[in-house]
1. For residues in the stretch A:60-90 being within 13 Å of chain B (Cβ to nearest Cβ) and free of Cβ contacts under 8 Å to residues at least 12 places away in the same chain, which is surrounded by the most Cβ atoms within 10 Å (Cβ to Cβ)?
2. Filter the stretch B:91-117 for residues that are at the interface with another protein chain (Cβ under 10 Å from one of its Cβ atoms) and touching a Ser or Thr at 6+ places or on another chain (Cβ under 8 Å); which is surrounded by the fewest Cβ atoms within 10 Å (Cβ to Cβ)?
3. Of the numbered conditions (1) within 12 Å of another protein chain (Cβ to nearest Cβ); (2) under 16 Å from B:PRO47 (Cα atoms); (3) without any contact (Cβ under 8 Å) to a residue 40 or more places away in the chain, A:PRO57 fails exactly one; give the number of that condition.
4. Between residues in the stretch A:5-28 that are farther than 20 Å from B:ASN90 by Cα and among the β-branched types (Val, Ile, Thr) and residues that are at pLDDT below 95 and crowded, with 16+ Cβ neighbours inside 10 Å, which pairs lie under 6 Å by C-beta distance while being six or more apart or on different chains?
5. Given the conditions (1) out of contact with any Phe, Trp or Tyr (no Cβ under 6 Å at 6 or more places or on another chain); (2) under 30 Å from A:VAL16 (Cβ atoms); (3) open to solvent by less than 30 Å² (accessible area, probe 1.4 Å); (4) among the β-branched types (Val, Ile, Thr), report the number of the one that B:ILE7 does not fulfil.
2 protein chains.
Amino acid sequence: METKLAILGFAGSLRVCSYNKPLLHTATDLLREDTTVEIFYLDGIPPFNRDLEMDMPATVKEFKSKIREADAILIATPEYSRSASGVIKNVIDFASRALGDNPFNDKPIAIMSAATGMFG
Amino acid sequence: METKLAILGFAGSLRVCSYNKPLLHTATDLLREDTTVEIFYLDGIPPFNRDLEMDMPATVKEFKSKIREADAILIATPEYSRSASGVIKNVIDFASRALGDNPFNDKPIAIMSAATGMFG
């Protein structure tokens, strides 16, 4: 049986009519046939609080588990204040904790943006 | 009557035993007598979602109003993944929206960190 490259995608915009969510879908359509893409929606992940490290919210546990299972990560994010959205920074902070339990370690990550502002 | 310089401070860590919250308090104690500092706690600010722009959550409205009233901003943030916390990035994204209603415009901002990690 052929082994497919498993990609996990997520978007740094939460709004319903996000441009970055369809960007992920479009990228998915263009991928080689020997890849699979799963898209994870970040809506349920709260602002990171280290007090939650020992008892991570279920959404964060699931997110970390999906990252761990994936061969590579694909991020689509809007550009706010000249960098990736706070939503993206927050979920990276959250998922990379606690110390020594960072599923992003040694994982290839690609980042892209459907930036629509004047300075994008 | 003397006019005092009004500073608004906030910390990029939400946990109870944050190092950056007392850092703000310590900085406050060291300030000149012709300044006042108000500390705003970011706990109630959700992940930014542009769908909320037209009807901002009450905490965000209050945060924006405090920024607008202040002469200067003082931020204390932990360092996560080699930069300011996602919590900080998120509240900056949120408060600086909607387009044309950014209270940070032309506001002096200082940022400091009680970074406790090996790479801080």
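1. Here the answer is A:GLY86.
2. The residue in question is B:PHE104.
3. Status for A:PRO57: all satisfied but (1).
4. Correct list of pairs: A:ILE7/A:VAL37; A:THR28/A:VAL37.
5. Condition not satisfied by B:ILE7: (2).
The values are calculated or read from the model by the stated rules, or taken from the named source; none is laboratory data. These figures come from a predicted structure and were not determined experimentally. Glycine also receives a Cβ, built like all others from the backbone with ideal geometry; neighbour counts cover every protein chain displayed. The accessibility values were calculated without ligands, DNA or RNA, using every heavy atom of the protein model including side chains. Shrake-Rupley method; radii C 1.70, N 1.55, O 1.52, S 1.80 Å.
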